[in-house]
Amino acid sequence: MKIAVLPGDGIGKEIVAQAVRVLQALGESFEYEWADVGGAAYESAGHPLPEATLKLAMESDAVLFGAVGDWKYDKLERALRPEQAILGLRKNMGLFANFRPAICYEELVGASSLKPEIIAGLDILIVRELTGDIYFGQPRGRRASPDGAFAGADEAFDTMRYSRPEIERIAHVAFQAARKRGNKVASVDKANVLETFQFWKDVVTEVHEAHYVDVKLEHMYVDNAAMQLVKAPKNFDVVVTGNMFGDILSDEASMLTGSIGMLPSASLNDRKQGLYEPSHGSAPDIAGKGVANPLATILSAAMMLRFSLDKAEQADRIEAAVKKVLASGLRTPDIWSEGTTKVGTEAMGDAVVAALAQ
Ligand code: NAI
Ligand code: MG
């Protein structure tokens, strides 16, 4: 089994180093190959996703990814910006299904600003479509406005679009995931305003009627879903939605877990190959300080073991070790609360490695 390790920028290097240590502590004979991606690759090879990095990712069984981006690249043309690397990997590897489980660990209930009764026991799964929608739709660009009240003025435009097969395959993924959990899917759309999402709703309904009548399906507008996520998040089981709504709702859901530093993710294609990364970015504000929370990345490595490497038991071991460490009271600053012990990135990694050996 070969794992491509792409730490990227900012805290990416610090958190990925801890996840690799945890993987190595399992005693499996995985092969690791490291490569630059994002701003680091722009510096070393002139492109955020060099051919060699893409080739390595495509040939590996799984990719462990940190994060990319830094404010200092904001002035670069879009094709050379670090964030293009993750978009390119998703597109080239066909990673259309993004799993983001938002679980509130018992020990972190007190660290959240939300009421305990709202988040205690929370375990929901956001399934975000990853290769379509307004993030990739063509045409896009800038021009002089051709009509309307501001005809002739500068304008910018993007295109929201989804094809039937794209919606069908993500719907299948969500319904199948729900069958292994609470058997409930909320499909989030904006069908009242957008043609793309009326179509989304229609196709999800068709897939449901043809194959999954045993699963409870509910349709919800995205604005209501955003509200329900903070009001009564435990009413959700699986949430399936498009690329942009999923991006936003999963960041919102991360706050229900205590910190964005706790939210892992898996991006999968139809071949079990996957890219595993924390849901957060490169956090330039804390990069290099040794305080980033590595748990989202460590939990992403557990998802990698389960989905791409056929090592479900090892995944369970890592998740149990994380729980043990939280129960022992160790916290990185983002999840710290009165009465717990503040530690840095490396000490948190040490603790997870030690808990694995217990
Ligand atoms: P961010 O997720 O990097 O940071 C948001 C806030 O959360 C910051 O205050 C940061 O310190 C904190 N944070 C994030 N991860 C943390 C962790 N593990 N432990 C403790 N605190 C943590 O989002 P932001 O600031 O909007 O973006 C920074 C850069 O990351 C940008 O260049 C952005 O484009 C990029 N980005 C990359 C992603 C990726 O590689 N998949 C995803 C999201 C953003
Ligand atoms: Mg995001």
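The values are calculated or read from the model by the stated rules, or taken from the named source; none is laboratory data. If you're wondering where the values come from, they're calculated on a predicted model, not measured in any experiment. So basically every Cβ, Gly included, is an ideal-geometry build from the backbone, and we count neighbours across all protein chains shown.
Brief remarks follow.
- Looking across ALA321, ALA283, ALA301, one residue alone is part of a loop (DSSP other than H, G, I, E, B) and either crowded, with 16+ Cβ neighbours inside 10 Å or within 11 Å of ligand 1 (Cβ to nearest atom) (or both). It is ALA283.
- Condition check for GLY288 on (1) over 20 Å from the mean Cα position of the chain (by Cα); (2) closer than 25 Å to MET1 by Cβ; (3) not in a helix (DSSP H, G or I): one failure, at (2).
- Boolean, ASP123 is of a type in the set (Asp, Glu) and out of contact with any Gly (no Cβ under 8 Å at 6 or more places or on another chain): yes
- Verdict on ASP147 being touching a Gly at 6+ places or on another chain (Cβ under 7 Å), surrounded by fewer than 20 Cβ atoms within 10 Å (Cβ to Cβ) and over 24 Å from VAL238 (Cβ atoms): no
- Test result for SER337, more than 22 Å from GLU31 (Cβ to Cβ) and either in a strand (DSSP E or B) or modelled with pLDDT under 95 (or both): yes
- Within the range 98-151, the set of residues being closer than 24 Å to VAL222 by Cα, at pLDDT below 95, assigned to a helix (DSSP H, G or I) and among the charged types (D, E, K, R) comprises GLU117 only.
- The residue of the range 252-272 that is farthest from TYR162 (Cα to Cα), among those that are within 14 Å of ligand 2 (Cβ to nearest atom) and out of contact with any Ser or Thr (no Cβ under 7 Å at 6 or more places or on another chain), is MET255.
- So ALA296, is it in a loop (DSSP other than H, G, I, E, B) and in the same structural domain as VAL352 (by TED's automatic domain parsing): no
- Screening the range 242-265 for residues that are among the hydrophobic types (A, V, I, L, M, F, W, C) and within 13 Å of ligand 1 (Cβ to nearest atom) and picking the one that is surrounded by the most Cβ atoms within 10 Å (Cβ to Cβ) gives MET262.
- The strands (runs of 3 or more DSSP E) falling completely within the range 1-89 that include 1 or more residues that are free of Cβ contacts under 8 Å to residues at least 60 places away in the same chain, within 17 Å of the chain's Cα centre (by Cα) and in the same structural domain as SER308 (by TED's automatic domain parsing) map to 2-8.
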